[in-house]
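Worksheet: the structure to be examined is printed underneath.
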Amino acid sequence: MPPCGCHFLGVEDYSRQWWLNLLQLAGAIKRGEVQFPNPSPIKVLGLLFSKPSTRTRVSFAVAMGRLGGQTLDLPPSSTQVGRGESIADTARVLSRYVDALAIRTFAQKDLEAYAQASTIPIINALSDAEHPCQAIADFLTLQECFSRLDGLTMAYIGDGNNVAHSLLLCGALLGVHLRVATPKGYGPDPAVVQRAKQLSQGRCTVALFHDPVEACRGAQAVYTDVWSSMGQEEAAQQRRRDFSGYCLNGKLLAEAERDAIVLHCLPAHRGEEISAEVLEGAASRVFLQAENRLHGQQALLATLLGLV
Ligand code: CP
Ligand code: NVA
């Protein structure tokens, strides 16, 4: 069997039109406008998570249930891949049992190795490089709040990490201006920034800042994420010092547009990257965004599993 050509390893795997269709489907699913007949035989999504997860794991499980399927937990620590069986052999075997795999891991190249050897869709459920499933919910939320995407401006304040990368790439495809403010030495990967500029095709701009105030000016959405991602725990103390001027608090939010919304992929550290006041405040759409993980991933699974 040849490798499957319908993976979701990163934002760039699909076109602007694919993303627009996906967001439209997610919205329709959320409004209850799409029904899914129970697939026969039932579809199974394997979850291979090497890092903790609440939202991604549970939203995938519930989304599969709503599609008439189910998930199977396959933690690497209790499968043979944790004892050195190759990714290629694991992918080939699992392709014969389940219909798709959602993988949360460190290296993007491990996801690519799974994709190379599998004959089923491989979904990036977060890697050090990207968090494309999160981006679905982020832009679904933006669209829901403003009834459009083209021409909106999002400011991302904090670490130039996986979440920032997916926002940059997806924003470029969807016509959302991205303004990313990070401390020196913590900017997004220059190759991703370059790629986002190419993908934007003149629809929108990509701008990097060190001053969070400057980045927030005129933004309709202000987004932040943790200062230390999973796997960076040992550097947390240093990072706390380096990011100290980058807390999304009321003063910073006041620099954005009057109707600006606040987004955070969660989990949040109140008093670090975001103040409790802002997280719980009137502008916060953080829990709507978390809910949208479910509708967005249901649309993704329906698309990749051929249920629509
Ligand atoms: N935002 C997000 O991916 O959350 P989890 O780590 O809980 O899955
Ligand atoms: N950047 C964070 C996102 C968590 C959902 C991390 O990788 O830990």
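Mind counting the residues in region 85-137 that are of a type in the set (Ser, Thr, Tyr) and within 16 Å of ligand 2 (Cβ to nearest atom)?
The qualifying residues number 2.
Is it fair to say residue 53 is within 16 Å of ligand 2 (Cβ to nearest atom), part of a helix (DSSP H, G or I) and either of a type in the set (Gly, Ala, Ser) or without any contact (Cβ under 8 Å) to a residue 60 or more places away in the chain (or both)?
no
When both residues are 6+ apart or on different chains and their Cβ atoms are under 7 Å apart, which pairs have a first residue that lies in region 252-275 and is surrounded by fewer than 16 Cβ atoms within 10 Å (Cβ to Cβ), and a second that is assigned to a helix (DSSP H, G or I) and modelled with pLDDT of 95 or more?
Pairs that qualify, where the first residue is surrounded by fewer than 16 Cβ atoms within 10 Å (Cβ to Cβ) and the partner is assigned to a helix (DSSP H, G or I) and modelled with pLDDT of 95 or more, are 270/276; 270/279.
What tally of residues in region 218-245 results from selecting those that are within 26 Å of residue 149 (Cα to Cα) and either free of Cβ contacts under 8 Å to residues at least 24 places away in the same chain or in contact with a strand residue (DSSP E or B) (Cβ under 8 Å, 6 or more places away or on another chain) (or both)?
8
Would you list the helices (runs of 4 or more DSSP H) that sit entirely within region 125-216 and hold 1 or more residues that are closer than 19 Å to residue 256 by Cβ?
132-146, 162-174, 212-216
Can we say residue 96 is farther than 15 Å from residue 122 by Cα, open to solvent by 40 Å² or more (accessible area, probe 1.4 Å), away from ligand 1 (no atom under 16 Å from the Cβ) and of a type in the set (Lys, Arg)?
In short, no.
Surrounded by 18 or more Cβ atoms within 10 Å (Cβ to Cβ), within 16 Å of ligand 1 (Cβ to nearest atom), within 23 Å of residue 123 (Cα to Cα) and at pLDDT 95 or above: does that describe residue 301?
It is true that residue 301 is surrounded by 18 or more Cβ atoms within 10 Å (Cβ to Cβ), within 16 Å of ligand 1 (Cβ to nearest atom), within 23 Å of residue 123 (Cα to Cα) and at pLDDT 95 or above.
Only one residue in 58, 34, 62 is β-branched (Val, Ile, Thr), farther than 13 Å from residue 301 by Cα and either within 16 Å of ligand 1 (Cβ to nearest atom) or assigned to a strand (DSSP E or B) (or both). Which one?
58
Within the bounds of region 106-122, is there any residue that is open to solvent by less than 10 Å² (accessible area, probe 1.4 Å) and in contact with a Lys or Arg (Cβ under 8 Å, 6 or more places away or on another chain)?
Yes, region 106-122 contains at least one residue that is open to solvent by less than 10 Å² (accessible area, probe 1.4 Å) and in contact with a Lys or Arg (Cβ under 8 Å, 6 or more places away or on another chain).
For residues that are touching a Lys or Arg at 6+ places or on another chain (Cβ under 9 Å) and over 22 Å from residue 61 (Cβ atoms), scanning just region 2-44, find the one that is surrounded by the fewest Cβ atoms within 10 Å (Cβ to Cβ).
Step by step, filter region 2-44, then rank; the result is 16.
Count, please, the residues in region 191-239 that happen to be over 25 Å from residue 126 (Cα atoms) and crowded, with 23+ Cβ neighbours inside 10 Å.
5
Just to check your reading of the model, which residue among 27, 5, 82, 46 is over 23 Å from the mean Cα position of the chain (by Cα) and either within 16 Å of ligand 1 (Cβ to nearest atom) or among the small types (Gly, Ala, Ser) (or both)?
82
The values are calculated or read from the model by the stated rules, or taken from the named source; none is laboratory data. Everything quoted here is computed from the prediction, not taken from an experiment. In this analysis, Cβ positions are derived from the backbone assuming ideal geometry, glycine residues included, and neighbour counts consider all displayed protein chains. With ligands, DNA and RNA removed, areas are computed over all heavy atoms of the protein, side chains included. Shrake-Rupley method; radii C 1.70, N 1.55, O 1.52, S 1.80 Å.
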